[in-house]
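Trainee: First the structure, which I've put down as structure tokens, then a few questions once you've had a look.
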Amino acid sequence: MSCQTIKKDKDCFFWGAEGCTFPGGQCRPVVEKCEGCGRIEEWPTGKYCSAYPAPQKQWALGLCNMATHIKIEEEQTQKMLNPLKASKRKAAGR
């Protein structure tokens, strides 16, 4: 159904027959950590996340898993190569 409180006429998962079923009855605005994210939507009532109704809870335990402006780089560990095994594999034709 469509939201009738903050994001007028936007499809909302939390909107039901009794109104907004999200705790507090409305979405929360984005926090500072969200600035630069591609999921921020500008509404007449402020800036809101399109993925979560309460973005501050996503940042409470660390990084928001839907943030588009944060890039997580994985550590690449160099695998140890045993020279004796490598020479045997090369001699066997692998």
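Trainee: Can you tell me which residues in region 29-84 are of a type in the set (A, V, I, L, M, F, W, C), outside any loop (DSSP other than H, G, I, E, B) and under 24 Å from Ser2 (Cα atoms)? Lay out the reasoning, then the answer.
Mentor: Within region 29-84, the subset of a type in the set (A, V, I, L, M, F, W, C) is 30-31, 34, 37, 40, 43, 49, 51, 54, 59-61, 63-64, 66-67, 70, 72, 80-81, 84.
Then drop every residue that is not outside any loop (DSSP other than H, G, I, E, B), which leaves 34, 40, 43, 49, 59, 84.
Residues satisfying the conditions are Ile40, Trp43, Cys49.
Trainee: Show the residue pairs meeting these rules: Cβ distance below 8 Å; 6+ apart or different chains; first residue within region 71-94 and under 30 Å from Cys37 (Cα atoms); second residue among the aliphatic types (A, V, I, L, M).
Mentor: From region 71-94, the pairs are Ile72/Leu63.
Trainee: Let me ask you something else. Among Ala91, Ala67, Ala86, which is small (Gly, Ala, Ser) and open to solvent by 80 Å² or more (accessible area, probe 1.4 Å)? Break it down into steps so the answer makes sense when it comes.
Mentor: Details: Ala67 fails: open to solvent by 80 Å² or more (accessible area, probe 1.4 Å); Ala86 fails: open to solvent by 80 Å² or more (accessible area, probe 1.4 Å).
Result: Ala91 is the single residue among Ala91, Ala67, Ala86 that is small (Gly, Ala, Ser) and open to solvent by 80 Å² or more (accessible area, probe 1.4 Å).
Trainee: Continuing with the same structure: Here is a list: Glu18, Glu32, Glu73. Which entry is out of contact with any Gly (no Cβ under 7 Å at 6 or more places or on another chain), of a type in the set (Asp, Glu) and either open to solvent by less than 60 Å² (accessible area, probe 1.4 Å) or modelled with pLDDT of 85 or more (or both)? Don't jump to the end; show me each part of the working.
Mentor: On the way: Glu18 fails: either open to solvent by less than 60 Å² (accessible area, probe 1.4 Å) or modelled with pLDDT of 85 or more (or both); Glu73 fails: either open to solvent by less than 60 Å² (accessible area, probe 1.4 Å) or modelled with pLDDT of 85 or more (or both).
Being out of contact with any Gly (no Cβ under 7 Å at 6 or more places or on another chain), of a type in the set (Asp, Glu) and either open to solvent by less than 60 Å² (accessible area, probe 1.4 Å) or modelled with pLDDT of 85 or more (or both) holds for just one of Glu18, Glu32, Glu73, which is Glu32.
Trainee: Still on this structure, I have one more. Is one or more of the residues making up region 45-53 touching a strand residue (DSSP E or B) at 6+ places or on another chain (Cβ under 8 Å), free of Cβ contacts under 8 Å to residues at least 60 places away in the same chain and open to solvent by 50 Å² or more (accessible area, probe 1.4 Å)?
Mentor: Kept after step one, since they are touching a strand residue (DSSP E or B) at 6+ places or on another chain (Cβ under 8 Å), are these residues of region 45-53: 47-50.
Within this subset, residues satisfying the condition of being free of Cβ contacts under 8 Å to residues at least 60 places away in the same chain are 47-50.
Then keep just the ones that are open to solvent by 50 Å² or more (accessible area, probe 1.4 Å); that gives 47, 50.
Scanning region 45-53, I find at least one residue that is touching a strand residue (DSSP E or B) at 6+ places or on another chain (Cβ under 8 Å), free of Cβ contacts under 8 Å to residues at least 60 places away in the same chain and open to solvent by 50 Å² or more (accessible area, probe 1.4 Å), so the answer is yes.
The values are calculated or read from the model by the stated rules, or taken from the named source; none is laboratory data. Values in this document were obtained by computation on a predicted structure and should not be read as measured data. No Cβ is skipped: glycine too gets one built from the backbone with ideal geometry, and neighbour counts run over all protein chains shown. SASA here: full protein model, heavy atoms, side chains in, ligands and nucleic acids out. Shrake-Rupley method; radii C 1.70, N 1.55, O 1.52, S 1.80 Å.
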